[in-house]
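Read the figures in this text as sums done on the coordinates, not as results from a lab. Given the structure is predicted, the values throughout are model-derived calculations rather than measurements. Glycine gets a Cβ as well: all are built from the backbone with ideal geometry, and neighbour counts include every protein chain shown.
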Amino acid sequence: MAAEPEALRIGVVHGPNLNLLGRREPEVYGRATLAEVNARLRSLAAELGVEVEDFQANGEGELIDRVHDMAARVDGFLVNAGAFTHTSVALLDALVGVGRPFVEVHLSNVHAREEFRRRSLLAPRAVGVIVGFGVESYLLGLRGLAVHLREGRRPGRSDRGGS
């Protein structure tokens, strides 16, 4: 009898100022707190048979260090890089460099906002981009990434001794 495959593991990256969710411009970002976003992701992950590991950081270097660290444990990333979406070549290089697919998500419709928010440095290398659906953007991104990984495009993790 074949062993059941290990559950997918997905790292959830929350960038700068997302710790202020629920208080910061609720007319733009909604009223859900970061804890509520993470709880909804964990709930959906359980339904999908996926494990999630989330973190939030306001500093670019801390985000990069955590991406490097998590890459050995996860199959892919769900990323809301906040303002670093538009400015951080270093975060893009980290995500690409660890060799894990990622989906970019945003709570607001960045294309309906200021001009500078319409350009993403991450999007050209992302599996997909979901914007404008509030917390649902994260949930849609998690579903999409899980499907992508299960369709045979799942990278090996070092803790599997995988390929």
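Compute the projected area of the convex hull of the Cα atoms of the chain, averaged over all viewing directions, and report it in nm² to one decimal place.
Working: hull surface 37.4 nm².
Averaged projected area of the chain's Cα convex hull equals 9.4 nm².
Projected onto the charge dipole of segment 23-134 (+1 at Lys/Arg Cβ, -1 at Asp/Glu Cβ, origin at the Cα centre), which of Val129, Asn58, Asn109 gives the Cα projection farthest towards the positive end?
Of the listed residues, the answer is Asn109.
FRET efficiency for Arg40 and Glu62, Cβ-Cβ distance as r, R0 = 25 Å, nearest 0.05? All intermediate terms of the calculation are to be shown ahead of the outcome.
On the way: r = 24 Å, r/R0 = 0.96.
The calculated FRET efficiency here is 0.55.
Where the centroid of each part is defined by its Cα atoms, how far is segment 9-29 from segment 60-135 in Å?
Rounded to whole Å, the Cα centres lie 13 Å apart.
Going by C-beta contacts inside 10 Å, put His68, His86 in order with the fewest on the left.
His68, His86
Using a cut-off of under 18 Å, list every residue of segment 31-72 whose amide N is near the label point 7 Å from the Cα of Arg125 along the Cα-to-beta-carbon line.
Flagged as within label range: 60-72.
In segment 32-111, what is the volume of the convex hull around the alpha carbon atoms, normalised per residue and reported in Å³? Display every interim value, and only then the final one.
Working: hull volume 8.4 nm³, N = 80.
Taking the convex hull of the Cα positions in segment 32-111, it is 104 Å³ per residue.
Using the Karplus curve 6.51 cos²θ - 1.76 cosθ + 1.60 with θ = phi - 60°, work out ³J(HN,Hα) for each residue of segment 129-136 in order, rounded to whole Hz, and write x for Gly and Pro.
Karplus values, whole Hz, x for Gly and Pro: 9, 10, 9, x, 10, x, 4, 4.
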